[in-house]
Amino acid sequence: MLHCKYLNPLSFKVNTLVAATTNTPVLLPMSAMKLPGFWSMTDVTRSPRTLTSASAAAKASQNTTTVDDPRLREMEKKKTETEAGREGKKIKGRVVLMKKNFLGFNDLKASVLDRVHELFRKGVSLRLISSETELQGEVGKAAYLENWVSTITPLIAEEITFDVSFDWDKKIGVPGALIIRNEHHSEFYLKSVTLEDVPGEDRVHFVCNSWVYPAKKYQKDRVFFANKTYLSGDTPETLKKFREEELENLRGDNEIRELKEWDRVYGYAYYNNLGNPDKSQEYARPVLGGPINPYPRRGRTGRRPTKKDCDTESRLNLFMSLYVYVPRDEQFGSIKMSDLLAYTLKSVAQFLKPGLPSLLASQLGGKKEFDNFQDILKLYKGGIELPDSLIKFIRDRIPAEMVKELFRTDGEKFLKFPMPQVIKEDDSAWRTDEEFAREMLAGVNPVAIHRLKEFPPVSKLDQKLYGDQTSKINREHIEHNLNGLNHHDTLMPYLRHINETSTKIYASRTLLFLKDDGTLKPLAIELSWPHDNGDQFGCESEVYTPSSQGVESAIWQHAKTYVAVNDSGFHSLISHWLRTHAVIEPFVIATNRQLSVLHPIHKLLHPHFHDTMYVNAVARQILVNAGGLLEKTVFPEKFSMEWSSAIYKNWIFPEQALPVDLIKRGMAVEDPSSPHGVRLLVEDYPYAADGLEVWSAIKTWVKDYCSFYYKTDKAVQMDTELKSWWKELREEGHGDKKDEPWWPKMQTRDELIESCTTIIWIASALHAAVNYGQYPYGGYFPNRPSISRRFMPKEGTPEYKELKTNPKKVFLETFAPHLQTLLGMAVIEVLSRHPADEVYLGRRDTAAWTTDADILQASENFRKKLEEIEEKIRNKNNDEKLKNRIGPAKVPYTLMYPSSEAGLTGKGIPNSVSI
């Protein structure tokens, strides 16, 4: 009986056959092709594998009564054609990337050097990694990006698509990951890799979104995973090693060294990088973090300590602030970086300090202060242009690439500001009691007001240290049940120190009455200061009540503005910086260190961490550092961050959930019959009413998502990565609170759902509520000043006499100093803008982020629910019965409106804590 020998199809010409007797193979003509056990080479495609099917067919024929069984032969033929077709198959892929660029322009020098490397066969290679358990983690042969040299690099940074072809190998099966090596001179941004016509899977997509540096920069090759999702215990055996190694790479080696831009290390550090004692003792600041000054942890940079204080980390040169280390994938993209720099021109007044005061004086007719409100309005209507000498001053001190962005030819003048919404319709409505009170419910800091449960207001400060702090407000001042804005206990311990600086403020209590129409009416303001004989003697206070006549009217306006100063500082440093930016950063770090990109909770949370580490790192360089913009523009000055540390002592994670927060502040009560489980006691509370809609939408999405991957509580308990994540978050990220009993135990689905909902709420909606209204309300500085330079004028003093004759001038001299006003306006304008590439709540920057159809449908349901909420907000803003929605200043409440256009819009909820 003849049978086929094992053969390589390339060893023989087409239209010939190999046959063998027991020992000797022979070539047979095509006329013999119909004999049982033979195949023509025309039936076989190129493959490195040997052919065994013919032998099998021959053996089968030996067991039958006829040697020519057409059914068996047809079955064998189809099987062999399928396998042989796969063996020689080419898998085509598309690789989408962006070349090295800066501010939206490609680095052409780097592009040329990459071409040189390509000519010397140092290209970009990819190898596929099997996801099939029985194949034991096989890694395929390298395939290279095609036509790199011939692909023209455009001047403007944009995505470029390259083809790549892989030889399909049965040993690989369906790829679950890939290894990429960049042998070029420069890094590139790898956006995605898509494989088409993969046997057994059709399409395999890899969402990468990562900078890939030259291979020599890494100790291990870069690995990217397909967009499938696995709990830690469900990962295919073939991928487990790569999953674990990738997390080890992100955790780093704990080596004490300065991290470089290509490092991908996520580590923890204290806030020991705010001060600069090498500059002078005036710039020394305490370390935040630890038992004395507890604080959330920040991302580690590994910079060397300062010369004068080994506990303080050295700082970058001011002009290098944008290059501060964070893992490269956490940095801004080119569009956002370009937008940021373009509008930073108005924030560089600190660079111009030698010439700015005289410039302002010349523009204001020789005056060194604003003495009427028309002077301030000039900043919006005309602006102040820089003289050539001052432009040269800037160019000599700012890197060239920044200058290119700062001096854009888009018609914007230096120190010309957009008209803030609060004065756009009526430039005096901000002064009314109604608008003053409304902004506590619908302004930029709507998270501080609370219902008064005791009268008179009671202090919780330690009487042994601070004496009797009981309010002096009595029933002669008010006759009603009240709401209140209390900045007394938070400020009093620091007030003596703060007032030793150029700032002059009071601790304050504000009482408001809820009227029948749902609006609030201020009834009394108490301004307090430390006792002259020492803190242990308590405080001294004055109580002010509304007046619309004579000097008493000016005094009442002053009292309201001292409250606005306190609220502005509390908002900037506590509501905004501490309770969103600072507290969320440990979540970002822990998630990247302990949850694989394959993990469902990583995929759920990752969009809500975008840009946060970079924003915070830059803020520590120029905003919250010693001598930074916040110290120059917010009243606690050098005590700013230390004060925020004192407030962090009372931070409780579960209380950041909106319903819990509202109940704690007495603004709502539990009510199972209400749509969101709570009932508002102030029904027309725009932030809370809209916020509860958004909170519920987020929670529904998170519940659908988590319930898909975690069918039972036991699944939560058995997830090793989830355990490590939550443990590290508590013990490292928020390490100063690791022993607090209120941390969720993370043993049930409900705990996981509530925790993830709270994280997303903080990063998205809460941050939007306290950030994007800053310029609409605070861009007109008299409405929300953040500094006071004088105490309240006392009767019988020259200041009191001047208040009688020229109250506006005294107001501006007290609350609107030139330089601080301009700096403050500049900062909040930059912070309040949406960049052109913003990604809003309910949306993803990559459509194919998961392969799970049920999750994609739940995500679509979430997006549609947010669109419904937008429509509800529009309808409520048109309802004249809801007077707090618009108010006397005619500023509709849109800060919980999920979507937005680019720019200063006063609406929109981005996915993450960013700017």
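The values are calculated or read from the model by the stated rules, or taken from the named source; none is laboratory data. Predicted model only: the values in this text are computed from it and were never measured. Cβ sites come from the backbone with ideal geometry, for glycine too, and all protein chains shown count toward neighbours. What goes into the accessible areas is simple: the full protein's heavy atoms, side chains included, and nothing from ligands, DNA or RNA. Shrake-Rupley method; radii C 1.70, N 1.55, O 1.52, S 1.80 Å.
How far, in nm, would the chain grow between ASP163 and GLU255 when pulled straight, counting 0.36 nm per residue and subtracting the alpha carbon separation?
In short, 29.2 nm is gained.
Using R₀ = 25 Å, calculate the FRET efficiency as 1/(1 + (r/R₀)^6) where r is the Cβ-Cβ separation of ASP221 and PHE319; round to 0.05.
So, using R0 = 25 Å, E works out to roughly 0.10.
Restricting to DSSP loop positions (anything but H, G, I, E, B) with no more than 13 other Cβ atoms inside 10 Å of their own Cβ, which trypsin sites (Lys or Arg not before Pro) remain in region 631-665?
On the way: sites: LYS632, LYS638, LYS649, LYS664, ARG665; in loops: LYS649, ARG665.
Listed in order of number, the matching sites are LYS649.
Would you calculate the separation in nanometres between label points at LYS801 and ASP468, each defined as 7 Å from the Cα along the Cα-to-beta-carbon direction?
Modelled inter-label distance: 3.7 nm.
Out of region 825-915, which GluC sites (Glu not before Pro) are coil in DSSP terms and have no more than 15 other C-beta atoms within 10 Å?
Those satisfying the criteria are GLU880, GLU901.
LYS141 versus LYS424, label points 7 Å from Cα toward the beta carbon: distance in nm?
Reported label-point gap for LYS141 and LYS424 is 6.3 nm.
Using a basic spin-label model with each label point 7 Å from the Cα along Cα→Cβ, how many nm lie between ALA836 and ASN875?
Taking the simple label geometry, ALA836 and ASN875 are separated by 3.7 nm.
Farthest toward the dipole's positive end in region 740-794, which of TYR777, CYS756, PRO744, given Cβ charges of +1 (Lys, Arg) and -1 (Asp, Glu) about the Cα centre?
TYR777
Using a 1.4 Å probe, how large is the accessible area of HIS734, given in Å² and rounded to the nearest 10?
Here the residue's solvent-accessible area equals roughly 0 Å².
Of all accessible surface on region 214-331 at a 1.4 Å probe, what whole percent is carbon and sulfur?
48 percent
Within 12 Å, Cβ to Cβ, of LEU316, how many net charges do the neighbouring residues add up to if Lys/Arg are +1 and Asp/Glu are -1? Intermediate values should be presented prior to the final figure.
Details: positive: ARG303, ARG304, ARG315, ARG620; negative: GLU258, GLU313.
So the environment of LEU316 carries a net charge of +2.
Rounded to the nearest percent, how much of the accessible area of region 446-571 (1.4 Å probe, protein heavy atoms only) is carbon and sulfur?
Numbers: 2460 of 5410 Å².
With neighbouring chains kept in place, the figure for region 446-571 is 45 percent.
What is the gain in length, in nm to one decimal, between PHE537 and LYS515 on full extension, counting 0.36 nm per residue of separation less the C-alpha to C-alpha distance?
The PHE537-LYS515 span can extend by a further 4.2 nm.
Would you mind checking LYS638/LYS809; LYS279/LYS504; LYS241/LYS745; LYS703/LYS727; LYS699/LYS723; LYS90/LYS711 for any pair whose Cα atoms are more than 31 angstrom apart?
The answer is LYS90/LYS711.
Tell me the chymotrypsin sites (Phe, Trp or Tyr not before Pro) within region 696-750 that lie in a loop according to DSSP and have at most 15 other beta-carbon atoms within 10 Å.
Answer by residue number: TRP742.
Could you work out the relative contact order of region 440-579, using alpha carbon pairs under 8 angstrom and six or more residues apart, expressed as a whole percent?
Reported as a whole number, the value is 23 percent.
Per residue, how much accessible surface does region 713-822 expose to a 1.4 Å probe? Answer in Å², no decimals.
37 Å²
Which FRET efficiency, nearest 0.05, do GLU740 and ASP489 yield, Cβ-Cβ r, R0 22 Å?
0.60
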